[in-house]
Amino acid sequence: MYETVGLSFTDSKKPLMSSRLALRIQKLGLKDFSDYLALISGSDDGGEFQVAVDLLTTNETYFFREPQHYDFLESDLTDRTHTSLSVWSAACSFGDEAYSIAMLLSDMQHDSRIGSDWKILGTDISDRVLRSAGQAIFPQERLRNVSENRLKRYCLRGEGEADGLAQIQPQLRERVRFGWLNLCRPIEPLGPFDVIFLRNVLIYFDAPTKSAVVDCVLEALKVGGLFFIGTAEGRVTCRTPLKTLIPGVFRKLSV
Ligand SMILES: C[S@@+](CC[C@H](N)C(=O)[O-])C[C@H]1O[C@@H](n2cnc3c(N)ncnc32)[C@H](O)[C@@H]1O
């Protein structure tokens, strides 16, 4: 897992990891963890390595998480003129972050603070979350930070069996594209983006992996573009010159 997807697990994570894998091992009729390790390490794993990635990644997310970042993005975009806007939500999980940004940009377009040429890319390493992100159906609990106005404008509330769920409206969904991407492998040329969100994923990497991932991701950011990380992720050391704006938000100064 460390070599392939960059995830480093300390001993304290052992109970969590074993509980996440135990059911799968039982379902496959395997004897124990060694059998499972042999299966996912083999060349003919039948897609099981990806299942293990899906099980071992932590996908906690919700709409407008760390709302000060969205406020900052809004005021920064209002102050500058953009003819077009391209945003990357790297490690997007179920898509809550990507659709939150889409709601914000759609509102700004509605008020003529930005033009109509904007789009968002969401990427993640977990197939499971990406499938769900494309369907854009969310438990209302995860939409708790979305204003009533935005809920009305951008969400269809479920009824009957779908009670407690909401789906993002098609006109917002068509602005957001999702794709599989491993941040710990060389990234094919992407972007360039005006804004990159790389939030709450660096915490799962060790220090050298963190720096390598940040520099790699920043290659896809335009000079002058905004870079967001989670506020709990501490200091990031990287080669790319950045200016700190508020906690977790940086501007790329040069290549
Ligand atoms: C906690 S979620 C963060 C979601 C969102 N950015 C947020 O802040 O709410 C972390 C995501 O990182 C993804 N992830 C972990 N390792 C990754 C890697 N090597 N490449 C791409 N995504 C990865 C996980 O699958 C998970 O969905």
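Laid out as a table, the results:
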| read-out | value |
| --- | --- |
| Fully extended contour minus Cα-Cα distance, from ASP127 to ASP71, at 0.36 nm per residue | 17.1 nm |
| Tensor-based shape of the chain (alpha-carbon gyration tensor, a/c under 1.5 rounded, otherwise prolate or oblate) | oblate |
| Between helix 96-110 and the chain: long-axis angle, C-alpha atoms, 0 to 90°, nearest 10 | 10 degrees |
| DSSP bridge orientation in the chain - percent antiparallel, rounded to nearest 5 | 40 percent |
| Nearest-0.05 FRET efficiency for ASN149 and LEU16, computed from C-beta distance (R0 35 Å) | 0.35 |
| Ranking of THR231, THR244, THR209 by count of other Cβ atoms within 10 Å, fewest first | THR244, THR231, THR209 |
| For region 198-255 and region 126-191, distance of Cα centres in Å | 24 Å |
| Computed helical MRE - 222 nm, the chain, DSSP H runs ≥ 4 contributing -39500 (n - 2.57), nearest 500 | -11000 deg cm²/dmol |
| Local electrostatic count, LYS243, Cβ distance below 13 Å [Lys/Arg +1, Asp/Glu -1] | +1 |
| Cβ-Cβ FRET estimate between PHE49 and ASP79, R0 fixed at 35 Å, reported to 0.05 | 0.15 |
| Nonlocal amide H pairs with GLN169, under 5 Å, H built at 1.01 Å | CYS155, LEU156 |
| Karplus 3J(HN,Hα) series, Hz, for region 35-42 with 6.51 cos²θ - 1.76 cosθ + 1.60 (x for Gly, Pro) | 4, 5, 4, 4, 4, 6, 8, x |
| Vicinal HN-Hα couplings computed from phi for region 46-62 (Karplus, 6.51 cos²θ - 1.76 cosθ + 1.60; Hz; Gly/Pro x) | x, x, 5, 4, 5, 4, 5, 4, 4, 6, 8, 7, 9, 10, 3, 6, 6 |
| Loop-resident sites, region 1-90, for GluC sites (Glu not before Pro), counting at most 16 other Cβ within 10 Å (DSSP) | GLU60 |
| Residues THR57, THR237, sorted so that the one with the fewest Cβ neighbours within 10 Å comes first | THR237, THR57 |
| For HIS69, HIS110, HIS82, order by how many other beta-carbon atoms lie within 10 Å, fewest first | HIS110, HIS82, HIS69 |
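Bear in mind that the values in this text are calculations on the coordinates, not laboratory data. Only a predicted model underlies this, so the values are computations on that prediction, with no experimental measurement involved. Counting neighbours? That spans all protein chains shown, and the Cβs are built from the backbone with ideal geometry, glycine included.
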